[in-house]
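Visitor: Structure incoming, see below.
Every read-out reported here was derived from the displayed coordinates using simple, explicitly stated rules and does not represent laboratory data. Note that the structure is a prediction, hence the values are computed from the model and not measured. Glycine gets a Cβ as well: all are built from the backbone with ideal geometry, and neighbour counts include every protein chain shown.
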Amino acid sequence: MPADVWREGDALVLTRAGDPPILLRIARGPIRLGDAGLIDLTSQLGSPTGGSVDWLGTPYRLVRPSLSDLFATMTRGAQIITPKDCARIVSLGSIAPGNRVGEAGSGSGALTIALAFAVGPSGEVFSVDRRAEAIRLAKENVERSGLGARVHWTEGDVGTSGWPEEHLDAVVLDLPEPWAALAASHRAVRTGGWVVAYTPTYNQLERTVRSMRGLGLDEVQALETIERALHVGEGGTRPSFDMLGHTGFLSAGRRVD
Ligand SMILES: C[S@@+](CC[C@H](N)C(=O)[O-])C[C@H]1O[C@@H](n2cnc3c(N)ncnc32)[C@H](O)[C@@H]1O
């Protein structure tokens, strides 16, 4: 297998144990990293990934960003879908490399990044939001992640204007009123494809599931994911004291004709 080497424009993270990752796009010449100063990685171009550099007297590892790195470094606007729910959305929607997936709304682009990661270089994500400002921020986050070529953006209301594409493998809704977009989403997925919704409250979940059933979606299901981090120490392994109490509920149904 040929070595995985750095090419101009690749997304890269500088990592160091105990510090947050630093995301950048590798380029020829000095790169500005906010207020922290400049870094010159020109000599890394053409070198295998996974090397290290000294920057400001500190050694950093240079690796391709993981999904966790991308979530940790993104700029947040609208409330994002957290990694635990993004992962379950990918499995509920049966989202795989090469798939064409619809998403509304774009928000901050967190789920967009997870979907673009899941569909891979041969897949496509069609992200719709009715607010231009949301698309601007989500696009900025996706571009910084190096996943921009996989995502198409549309400004519009999926409830009233529908989806820009048909025969999608899956559609994911993160909107205050997903039920208003379910009929259009049902039409936009291919037979056997999934419509998945993320809703923060029980009331929204109930109304969404009722609408999914009313539209004739099959295998309708609802669930919540709960994640508890563990503190691992010699002889003192225990659950972490910090826990995210609530994020949202997931529901899904499959189109059958
Ligand atoms: C909570 S945010 C989405 C967050 C996003 N999933 C993330 O992980 O970053 C909800 C977004 O839905 C958009 N929105 C609400 N109703 C919509 C509709 N009917 N059509 C398109 N976008 C809509 C809002 O403008 C907002 O940006």
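Visitor: Sort MET1, MET74 by Cβ crowding within 10 Å, fewest neighbours at the top.
Guide: Working: MET1 3, MET74 22.
Taking fewest neighbouring Cβ atoms as first place, the list is MET1, MET74.
Visitor: Checking the a/c ratio against 1.5 first, then a/b against b/c, what shape does the Cα gyration tensor give for segment 11-65?
Guide: Details: a/c = 1.44, a/b = 1.08, b/c = 1.33.
Rounded.
Visitor: Another question, then. Please figure out what share of the DSSP beta bridges in segment 70-254 is antiparallel and state it in percent, rounded to the nearest 5. Before the final figure, lay out the partial values.
Guide: On the way: 12 of 31 bridges.
Of all bridge pairs located within segment 70-254, approximately 40 percent are antiparallel.
Visitor: Loop only per DSSP, at most 15 neighbouring Cβ atoms within 10 Å: give me the trypsin sites (Lys or Arg not before Pro) in segment 20-94, ordered by residue number. If you can, show how the numbers build up before the last one.
Guide: Values: sites: ARG25, ARG28, ARG32, ARG61, ARG76, LYS84, ARG88; in loops: ARG28, ARG76.
In loop regions of segment 20-94 (DSSP not H, G, I, E or B), the sparsely surrounded trypsin sites (Lys or Arg not before Pro) are ARG28, ARG76.
Visitor: Comparing ASP40, ASP174, ASP242, which has the greatest mean-square fluctuation in the GNM of the chain with Cα pairs linked when under 10 Å apart?
Guide: Looking only at ASP40, ASP174, ASP242, the largest GNM fluctuation is found for ASP242.
Visitor: Tell me what the chain gives for mean residue ellipticity at 222 nm when only DSSP H runs of n ≥ 4 count, each as -39,500 (n - 2.57), the sum divided by the residue total, rounded to 500 deg cm²/dmol. Display every interim value, and only then the final one.
Guide: Numbers: 7 runs with 64 residues, N = 257.
Taken over the chain, the calculation gives -7000 deg cm²/dmol.
Visitor: Can you compute the charge dipole magnitude of the chain about its Cα centre, using +1 on each Lys and Arg Cβ and -1 on each Asp and Glu Cβ, nothing else charged? Give it in debye, rounded to the nearest 20.
Guide: Values: 26 positive and 30 negative charges, 17 e Å.
Charge dipole, the chain, about its Cα centre: 80 debye, nearest 20.
Visitor: Within segment 169-240, list the GluC sites (Glu not before Pro) lying in a DSSP loop whose Cβ has at most 11 other Cβ atoms in a 10 Å radius. Working shown, then result.
Guide: Numbers: sites: GLU206, GLU219, GLU224, GLU227, GLU234; in loops: GLU224, GLU227, GLU234.
Those satisfying the criteria are GLU234.
Visitor: Between segment 194-257 and segment 143-184, what is the C-alpha centre distance in whole Å?
Guide: 20 Å
Visitor: Among LEU23, LEU45, LEU168, which one moves the most in a GNM of the chain with springs linking Cα atoms closer than 10 Å?
Guide: LEU45
Visitor: Identify which of ALA104, ALA36, ALA132 has the largest mean-square fluctuation in a Gaussian network model of the chain, with springs joining Cα atoms closer than 10 Å.
Guide: ALA36
Visitor: Using the 10 angstrom Cβ neighbour count as an exposure proxy, how do LEU205, LEU38 rank, fewest first? Numbers along the way, then the final one.
Guide: Working: LEU205 21, LEU38 11.
In order of increasing Cβ crowding within 10 Å: LEU38, LEU205.
Visitor: In percent, how large is the relative contact order of the chain, given Cα pairs closer than 8 Å and 6 or more residues apart?
Guide: Working: 536 pairs, mean separation 36.7, N = 257.
Averaging sequence separation for qualifying contacts and normalising by length gives 14 percent for the chain.
Visitor: Please list 3J(HN,Hα) in residue order for segment 174-182, calculated via the Karplus relation 6.51 cos²θ - 1.76 cosθ + 1.60 where θ = phi - 60°; whole Hz, with x for glycine and proline.
Guide: Those phi angles translate into 10, 10, x, 10, x, 4, 6, 10, 6 Hz.
Visitor: Going by how many other beta carbons lie within 10 Å of each one, how would you line up MET212, MET243, fewest first? If you can, show how the numbers build up before the last one.
Guide: Working: MET212 26, MET243 10.
Listing MET212, MET243 from fewest to most nearby Cβ atoms yields MET243, MET212.
Visitor: Given charges of +1 on the Cβ of Lys and Arg and -1 on the Cβ of Asp and Glu, with all other atoms neutral, how large is the dipole of segment 1-132 about its Cα centre, in debye to the nearest 20? Walk me through the intermediate numbers first.
Guide: Working: 13 positive and 12 negative charges, 48 e Å.
Charge dipole, segment 1-132, about its Cα centre: 240 debye, nearest 20.
Visitor: Return the Rg/Rh value of segment 70-254, two decimal places, where both radii are evaluated on C-alpha atoms and Rh is the Kirkwood radius.
Guide: Details: Rg = 16.5 Å, Rh = 16.7 Å.
Reported Rg/Rh (Cα atoms, Kirkwood Rh): 0.99.
Visitor: Taking the Cα centre of segment 123-235 as origin and charging only Cβ (+1 Lys, Arg; -1 Asp, Glu), how large is the dipole, in debye to the nearest 20? Provide the component values of the computation, followed by the final result.
Guide: Working: 12 positive and 18 negative charges, 40 e Å.
I would put it at about 200 debye.
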